1. Condition first: touching a Leu at 6+ places or on another chain (Cβ under 9 Å) and not aromatic (F, W, Y). Now tell me which residues in segment 108-137 satisfy that.
2. Please note which helices (runs of 4 or more DSSP H) are completely contained in segment 118-179 and include at least 1 residues that are crowded, with 16+ Cβ neighbours inside 10 Å, under 16 Å from the mean Cα position of the chain (by Cα) and modelled with pLDDT of 85 or more.
3. Residue pairs, Cβ under 6 Å, 6 or more apart or interchain, first in segment 136-147 and in contact (Cβ under 8 Å) with a residue 60 or more places away in the chain, second aliphatic (A, V, I, L, M). List them.
4. Can you confirm whether T9 is over 19 Å from S94 (Cα atoms) and of a type in the set (S, T, Y)?
5. Any residue at all in segment 89-97 that's closer than 24 Å to V120 by Cβ, surrounded by 12 or more Cβ atoms within 10 Å (Cβ to Cβ), modelled with pLDDT of 90 or more and not charged (D, E, K, R)?
6. Check segment 32-42 and report whether any residue there is touching a helix residue (DSSP H, G or I) at 6+ places or on another chain (Cβ under 9 Å), at pLDDT 90 or above, more than 16 Å from Y110 (Cα to Cα) and outside any loop (DSSP other than H, G, I, E, B).
7. Could you say whether any residue in segment 103-110 is surrounded by 20 or more Cβ atoms within 10 Å (Cβ to Cβ) and closer than 16 Å to E140 by Cβ?
8. Against the definition (of a type in the set (F, W, Y), within 21 Å of Y66 (Cα to Cα) and touching a Gly at 6+ places or on another chain (Cβ under 7 Å)), how does F129 come out, yes or no?
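The values are calculated or read from the model by the stated rules, or taken from the named source; none is laboratory data. These numbers come from a predicted model, not from an experiment. Every residue, glycine as well, gets a Cβ built from its backbone with ideal geometry; the counts of neighbours run over all protein chains shown.
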Amino acid sequence: MADRQVFDTEQINIINTAVEMAEELVSNHYKMSANQWLRPKYDIRTLSDLSHDEIIAGPFAQIIRYKGQREDSLLGSSTYDFYKICLQDHTILSVTDQSESIELFPLLLYIITHELIHIVRFSRFLQNFDASAEDKMKEESRVHQLTHDILHAVQYPDLSHVMAFYDRWRQPFDDLRNT
């Protein structure tokens, strides 16, 4: 990890703000109460908190599903899905470092909103976590469209640059395969 750039304290504060906003936007979109939002168990971690297996090259984030269980429960029926959003600091920062138009907050808002939509869809059985590679690509296109739908009304400087950055991912899956 020494050769990978990690988020500093100021950037972690930006992540926390993006998480708060993304949670509110996704909750409003799916008409979820605060109580419902707590049911899909998840956490967001940055590179410094990830295990070797949770670090990937390429994508800005990945979701890993773990099985959770309350400490005081011995029954297998009390297990639940626990999702971990693994932010890839080095990949995110390489884009913001190389682009004059893409700022950290709007990029993180998009990424986190996108990942939270995945978690809601998994939790509501709208998408199978263990889908085929082709179905996962179709789901990516769907979730990028949903992310766009949620964020298009948000008035934030430079968010339009991030939305344009992801435009091609909203294309139908067959179009993506041919690019």
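1. Just the residues of segment 108-137 that are touching a Leu at 6+ places or on another chain (Cβ under 9 Å), to begin with: 108-117, 120-121, 137.
Scanning segment 108-137 gives L108, L109, I111, I112, T113, H114, E115, L116, I117, V120, R121, M137.
2. Per the criteria, 133-151, 159-165.
3. L146/I117
4. On the way: over 19 Å from S94 (Cα atoms): no; of a type in the set (S, T, Y): yes.
Spelling it out, it is not the case that T9 is over 19 Å from S94 (Cα atoms) and of a type in the set (S, T, Y).
5. Just the residues of segment 89-97 that are closer than 24 Å to V120 by Cβ, to begin with: 91-92.
So of that shortlist, the ones also surrounded by 12 or more Cβ atoms within 10 Å (Cβ to Cβ) come out as 91-92.
Now narrow it down to the ones that are modelled with pLDDT of 90 or more: 91-92.
Adding the requirement that they be not charged (D, E, K, R) leaves 91-92.
Yes, there is a match, as at least one residue in segment 89-97 is closer than 24 Å to V120 by Cβ, surrounded by 12 or more Cβ atoms within 10 Å (Cβ to Cβ), modelled with pLDDT of 90 or more and not charged (D, E, K, R).
6. Yes, segment 32-42 has at least one match.
7. First pass over segment 103-110, keeping only residues surrounded by 20 or more Cβ atoms within 10 Å (Cβ to Cβ): 106-110.
Retained after the next criterion (residues that are closer than 16 Å to E140 by Cβ): 110.
Within segment 103-110 (the criterion being surrounded by 20 or more Cβ atoms within 10 Å (Cβ to Cβ) and closer than 16 Å to E140 by Cβ), the answer is yes, since at least one residue qualifies.
8. Details: of a type in the set (F, W, Y): yes; within 21 Å of Y66 (Cα to Cα): yes; touching a Gly at 6+ places or on another chain (Cβ under 7 Å): no.
Judged against the criteria, F129 is not a match.
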